[in-house]
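**Student:** Encoded as structure tokens, here's the structure I'll be asking about.
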Amino acid sequence: MWKKLKFLLYSSVEARFPTRMSVEEAVDRLSRNVIRGVWRTLFFEAVVGSVTADRVVLHRHRPWLHNSFIPFFRGRFVREGDRTVLSGAFGMARLVQVFVTLWLGMVVLFFALFLLAPSAHSEEPFPFFGALIALGMFCFGVGLVWFGRRIGRSDIEYISAVVRDALEV
């Protein structure tokens, strides 16, 4: 179970986009196909992010839909022989990973405390209900991450298509 949870939270998909262009030309072409800020895409779908030779961060913006669990592409341009390669990986935002890890960790801690803490009145089932609530919160957190990633599963193909179109010679 822990391996599946680790995969759900921290898995990434490696991606490489080769081109015959120089690094500068590839950065320029990709920059023209990527919107710099979300505020410019309030009413249409687009790939949003920043593009430099050393750092590329891209994500798909959908109007009227906010999903913190979408995949972000993080990579950089590298020169390999006579061609340039945009190399990186798709994964959840780091801040979201940290938040969900802290959330689930605290819920597990509360679950353990409710089960291990002796009740002041042994006839009251408070620790049991507290543990049940913590278990429900854990399942809710995992379900929310799974659902959010499921909604964003087409984003990798969408971003990849925009990058490939930009880097075609």
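**Student:** Right, Val56: within 15 Å of Ile159 (Cβ to Cβ) and not hydroxyl-bearing (Ser, Thr, Tyr) or not?
**Tutor:** yes
**Student:** Select, from Phe69, Phe77, Phe73, Phe44, the only residue that is part of a strand (DSSP E or B), over 16 Å from Glu157 (Cβ atoms) and either of a type in the set (Phe, Trp, Tyr) or in contact (Cβ under 8 Å) with a residue 12 or more places away in the chain (or both). Please lay out each step first, then the result.
**Tutor:** Working: Phe69 fails: part of a strand (DSSP E or B); Phe73 fails: over 16 Å from Glu157 (Cβ atoms); Phe44 fails: part of a strand (DSSP E or B).
Phe77 is the lone residue from the list that is part of a strand (DSSP E or B), over 16 Å from Glu157 (Cβ atoms) and either of a type in the set (Phe, Trp, Tyr) or in contact (Cβ under 8 Å) with a residue 12 or more places away in the chain (or both).
Yes or no, residue by residue, for (1) within 21 Å of Arg94 (Cβ to Cβ); (2) surrounded by fewer than 13 Cβ atoms within 10 Å (Cβ to Cβ); (3) small (Gly, Ala, Ser); (4) without any contact (Cβ under 8 Å) to a residue 12 or more places away in the chain:
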residue	(1), (2), (3), (4)
Ser12	yes, no, yes, no
Asn33	no, no, no, no
Val51	yes, no, no, no
Arg55	yes, no, no, no
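**Student:** So is Arg74 of a type outside the set (A, V, I, L, M), buried (at least 16 other Cβ atoms within 10 Å of the Cβ), in the same structural domain as Glu25 (by TED's automatic domain parsing) and farther than 23 Å from Arg20 by Cα or not?
**Tutor:** no
**Student:** Here's something else I'd like to know. When residues of region 51-73 are filtered for being among the polar types (S, T, N, Q) and more than 21 Å from Leu86 (Cα to Cα), how many remain?
**Tutor:** Counting residues in region 51-73 that are among the polar types (S, T, N, Q) and more than 21 Å from Leu86 (Cα to Cα) gives 2.
The values are calculated or read from the model by the stated rules, or taken from the named source; none is laboratory data. Everything numeric here is computed off the predicted structure, so don't read it as measured data. Virtual Cβ from ideal backbone geometry, glycine too; neighbours counted across all protein chains shown.
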